[in-house]
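These notes are about the structure you will find just below.
Any read-out appearing in this document is the output of simple, stated calculations on the displayed coordinates, not a laboratory observation. Every value quoted in this text rests on a predicted model; they were computed, and no experiment measured them. Every residue, glycine among them, receives a Cβ derived from its backbone with ideal geometry; neighbour counts consider all protein chains shown.
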Amino acid sequence: MKRYIILFTLIFGMHTAFGQGYNLGEKPGPLPAKEFAFPKYTELFLSNGLKVFVIEDHEQPTVNLRLQIRGGEVSESIPGTAAMVAEMLTKGAGKRDALTIAKELDGVGAGVSASSSGDITSVTGESILKHMPIMLEIFADVLRSATFPEDEFAKLKKQKMSEVKLEKANAGSLLQSLSRKVAYGANHPSARHKSEASYTSITLDELKKFYGTYYRPNNATLAVVGDVKPEEIKAILEKALGAWEPGDVNEFRTPKPEPMAQGVYFIARPSSVQSSTALIATAIPNNHPDFEALRLASNLMGAGFSGRLFKTLRETYSYTYTPFAYLTSGRDVNRYICGADVRNSVTDSAIKVMQSEMAKLANEATSNDELDLIKRFVIGQFKMNFENSDYVAGLLLNADYNNQPISVVKEFPNRFNAITPEQMKSAVTKHLAKQSIVVVGSPDVLETLRQFGPVYEFTTELEAKKAESKKVDLTPEQLMEKHRAALGGMENISKISSLITTGTASFDMNGQELRGNITMKQKAPGKQVMVMDFKMFKQTTMTDGNQAWRMMGPQSEEVTDNAEKQEMIDEAHIAQSARLIELGYTLTIKGQEGSSIIVESKNKAGEVQTMYFDAKTYLLNSVKETAKGPQGDVEVSRLFGNYTDIGGVKFPSKMVIEQGPIVISIDDIKYTVNQEINDSEFKPE
């Protein structure tokens with residue numbers, strides 16, 4: 001019976017379609033556009049000058065507060081200050097400490113949070129209507145009387161240090177940070193880069209000064225969204241926030257950008273298998289008459305499946321999966337950026353495709369059909385977002401910050417739809433003619449980039465790379481001979497048939513620390529088992545010289561990836577750094593920088609490491625390599641220090657392993673040599 005119903009439905013549908021004059025072989029056109037009406041809102045002021053927008057939404061008994069403060073990262077004197085102030089707000093305010101704030105909010109399913117980015121700081125609060133009093137009380141406390149406790153400040157600073165490490169290990173983050181420097185200027189407020197040094201220099205007094213200066217009602221605007229009436233909520237807000245005192249705030253205007261020289265800007269990440277690439281151009285403020293025409297151009301390049309980069313870089317050439325293009329929308333300064341993550345071998349080819357597409361925007365007329373498709377996509381998204389009252393609140397707050405009448409927002413669909421191909425082409429020609437290239441990737445691609453112009457190399461600290469390394473008048477064999485002698489000589493090294501290493505360890509991730517122990521047993525030739533026990537988790541790796549395994553808890557898993565297995569077997573050799581040549585490593589001396597001789601080593605599986613030997617002692621100070629992580633490639637650093645003589649051979653008594661936000665410090669390392677170890681310990685039970 002079901003198949004007959006389906007057949008009847010199909011026949012009926014076809015009959016209806018023919019009856020209405022549809023041609024089933026043609027793609028249907030878009031439905032007629034519906035008239036758009038901007039949602040209603042109420043604007044009011046509290047007695048202390050705080051401007052408030054009220055957007056009524058009676059579908060659910062909830063209320064959301066969103067306060068926008070005119071003062072963010074561009075207003076700070078030390079990079080990271082604004083973000084730390086925002087995150088410290090809920091660490092103590094009024095009579096409540098961090099734990100009390102968290103318990104009281106969590107207990108009623110409410111939330112208060114803050115963040116800072118670009119020109120502004122946002123403080124938000126949300127709850128169901130009946131719990132608004134406790135949420136609003138805490139919301140008011142963090143704005144008026146944050147306490148900035150020292151212990152919470154110390155914890156947050158440590159967490160921020162970990163975030164810096166994570167960003168340095170992420171190619172996309174490095175690309176964005178360097179692109180801001182290139183577009184705005186190395187010392188521009190919008191290009192400031194948070195670093196370990198900047199976070200180290202921030203004091204509690206600096207946070208309190210920023211808080212006291214910018215967190216003022218006459219320097220902020222509040223949007224209230226929810227099941228509220230304007231006059232009722234005004235009285236409630238007056239009671240909660242009326243005592244928040246206004247102050248003298250000098251409006252900060254972002255200076256004009258001073259772009260860096262046009263060229264190629266490159267950050268090397270050894271062993272990266274792909275390059276993060278982008279074209280960068282300094283753009284115009286969001287109130288410029290050509291801004292929306294440039295926005296249309298950026299949408300044409302990067303609007304999802306309809307974007308030109310998707311059709312070329314992905315569909316035509318298969319260079320990447322997710323190309324992108326966008327135009328930032330700041331009040332005073334902006335940048336245009338388009339790019340993609342691509343394989344090393346096609347880095348220069350992908351750049352040429354992007355340059356070709358940018359040239360077409362500037363030199364060729366875009367068809368009305370292609371442009372209309374992009375316009376419908378952008379305007380459709382704009383209108384659909386009005387289903388969310390929070391989106392309306394964001395538009396009102398941004399219009400207020402930009403000193404734009406709300407009519408500018410209301411009329412956006414009509415203005416955007418009226419942009420002609422010639423207007424867009426003219427805007428691109430006028431404002432995006434000077435483009436620079438930013439690449440974060442393997443040093444192997446560097447030479448292929450010189451065809452695009454002068455190359456400026458930067459470090460992962462976003463500092464200009466110093467002049468060429470000093471030449472080292474040694475062959476790899478001679479360097480290894482000096483290194484072996486520094487350790488104690490191969491004769492003494494060869495006398496060690498087994499080595500047991502123990503140490504206390506701390507595992508730090510985003511400021512959260514665990515304490516534990518590390519034990520490693522090695523037996524010649526090339527057998528090793530290492531146990532990292534941090535109570536909450538325990539990890540074991542082992543190799544018998546032929547196979548390798550890893551274990552989390554009682555379950556073991558054989559390592560089948562040849563490169564990973566080879567690396568584990570190589571590292572199982574006692575005093576491995578003295579045996580690199582005999583283990584089949586290819587060594588290339590890159591030169592000397594400062595007090596370090598830099599050596600690139602490649603094992604039999606093709607895995608590359610960068611090794612730093614002390615130019616005076618010839619001991620190994622550190623090793624850097626790239627590993628695959630869940631978020632992509634991540635740099636791993638191992639640092640060695642405090643070498644101690646054990647049976648005529650020097651071993652480090654301190655080690656630090658850094659992998660993105662994870663830092664493992666191993667202290668008080670002890671060694672036991674030539675103790676009997678059963679071969680069964682190097683295989684899973």
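Label points 7 Å out from Cα along the Cβ direction at Asp205 and Ala362: separation in nm?
That separation, rounded to one decimal, is 5.0 nm.
Run the numbers on the stretch 300-451 and let me know its relative contact order in percent, using alpha-carbon pairs under 8 Å that are six or more apart.
21
Name the residue farthest towards the positive end of the dipole of the chain from the options Gly516, Asn388, Phe682, assuming +1 on Cβ of Lys and Arg, -1 on Cβ of Asp and Glu, about the Cα centre.
Farthest towards the positive end: Asn388.
Give the residue from Gly107, Ala37, Val634 lying farthest towards the positive end of the charge dipole for the chain; charges sit on Cβ (+1 for Lys and Arg, -1 for Asp and Glu) and the dipole is referred to the Cα centre.
Projecting each Cα onto the dipole axis, the largest value belongs to Ala37.
Can you tally the net charge around Gln566? Count Lys and Arg as +1, Asp and Glu as -1, for every other residue whose Cβ sits under 10 Å from the Cβ of Gln566.
Result for the neighbourhood of Gln566: -4.
Enumerate by residue number the chymotrypsin sites (Phe, Trp or Tyr not before Pro) in the stretch 508-569 meeting two conditions: DSSP loop (anything except H, G, I, E, B), and at most 12 other Cβ atoms within 10 Å of the site's Cβ. Don't skip to the end; give the middle numbers.
Values: sites: Phe534, Phe537, Trp549; in loops: Phe534, Phe537.
Qualifying residues, ordered by number: Phe537.
What is the dipole size for the chain, taken about its Cα centre, with +1 at each Lys and Arg Cβ and -1 at each Asp and Glu Cβ, in debye to the nearest 20?
Approximately 740 debye in magnitude.
Restricting to Cα pairs below 8 Å that are 6+ residues apart, what does the relative contact order work out to for the chain? Please round to a whole percent. Write down the numbers at each step before the final one.
Working: 1310 pairs, mean separation 89.4, N = 685.
Rounded, it is 13 percent for the chain.
Add -39500 (n - 2.57) for each DSSP H run of 4 or more in the chain, then divide by its residues: what number comes out at 222 nm, to the nearest 500 deg cm²/dmol?
Estimated from H runs of four or more residues: -10000 deg cm²/dmol.
Are there any trypsin sites (Lys or Arg not before Pro) in the stretch 595-675 that are in a DSSP loop and have at most 11 other Cβ atoms within 10 Å? List them by number.
In loop regions of the stretch 595-675 (DSSP not H, G, I, E or B), the sparsely surrounded trypsin sites (Lys or Arg not before Pro) are Lys616.
Which ³J(HN,Hα) values, rounded to whole Hz and listed in residue order, are derived for the stretch 267-280 from phi using the Karplus coefficients 6.51, -1.76 and 1.60 in 6.51 cos²θ - 1.76 cosθ + 1.60 with θ = phi - 60°, glycine and proline given as x?
10, 7, 10, x, 6, 5, 9, 9, 10, 8, 10, 7, 9, 10
In the structure shown, do any of Lys168/Lys430; Lys602/Lys683; Lys51/Lys229; Lys470/Lys616 have a Cα-Cα gap over 25 Å, and if so which?
On the way: Lys168/Lys430 35 Å; Lys602/Lys683 27 Å; Lys51/Lys229 16 Å; Lys470/Lys616 14 Å.
In this structure, Lys168/Lys430; Lys602/Lys683 exceed 25 Å between Cα atoms.
Applying 1/(1 + (r/R0)^6) with R0 = 45 Å to the Cβ-Cβ distance of Leu474 and Ile500, what FRET efficiency is obtained, to the nearest 0.05?
0.85
Could you give the size of the charge dipole of the stretch 476-682 about its Cα centre, using +1 on the Cβ of each K and R and -1 on the Cβ of each D and E, expressed in debye and rounded to the nearest 20?
On the way: 22 positive and 29 negative charges, 75 e Å.
With Lys and Arg at +1 and Asp and Glu at -1, about 360 debye.
Taking other Cβ within 10 Å of each residue's Cβ, how do Thr282, Thr42 sort, fewest first?
Listing Thr282, Thr42 from fewest to most nearby Cβ atoms yields Thr42, Thr282.
Of all trypsin sites (Lys or Arg not before Pro) in the stretch 82-187, which ones are in loop regions per DSSP and have a Cβ with at most 16 other Cβ atoms within 10 Å?
Lys95
Just going by the charge dipole of the chain, with Lys and Arg at +1 and Asp and Glu at -1 on Cβ, which of Ser329, Thr282, Gly660 is farthest out on the positive end?
Among Ser329, Thr282, Gly660, the one farthest towards the positive end of the dipole of the chain is Thr282.
Under the definition of Cα pairs under 8 Å and six or more residues apart, what whole-number percent is the relative contact order of the stretch 236-346?
With pairs under 8 Å counted, the relative contact order is 32 percent.
With r as the distance between the Cβ atoms of Asn344 and Glu557 and R0 = 25 Å, compute the FRET efficiency 1/(1 + (r/R0)^6) and round to 0.05.
After rounding to 0.05, the efficiency reads 0.25.
Here are some values of Rg and Dmax of the Cα atoms in Å: (i) 26.3, 79; (ii) 30.5, 97; (iii) 37.0, 146. Which one was computed from this structure?
Entry (ii).
Quick check: Cα centre of the stretch 593-618 to Cα centre of the stretch 496-543, how many Å?
24
Structure shown: which of Lys95/Lys158; Lys160/Lys604; Lys352/Lys604; Lys466/Lys650; Lys495/Lys670; Lys181/Lys352 lie over 28 Å apart, alpha-carbon to alpha-carbon?
With Cα atoms farther than 28 Å apart: Lys160/Lys604; Lys352/Lys604; Lys466/Lys650.
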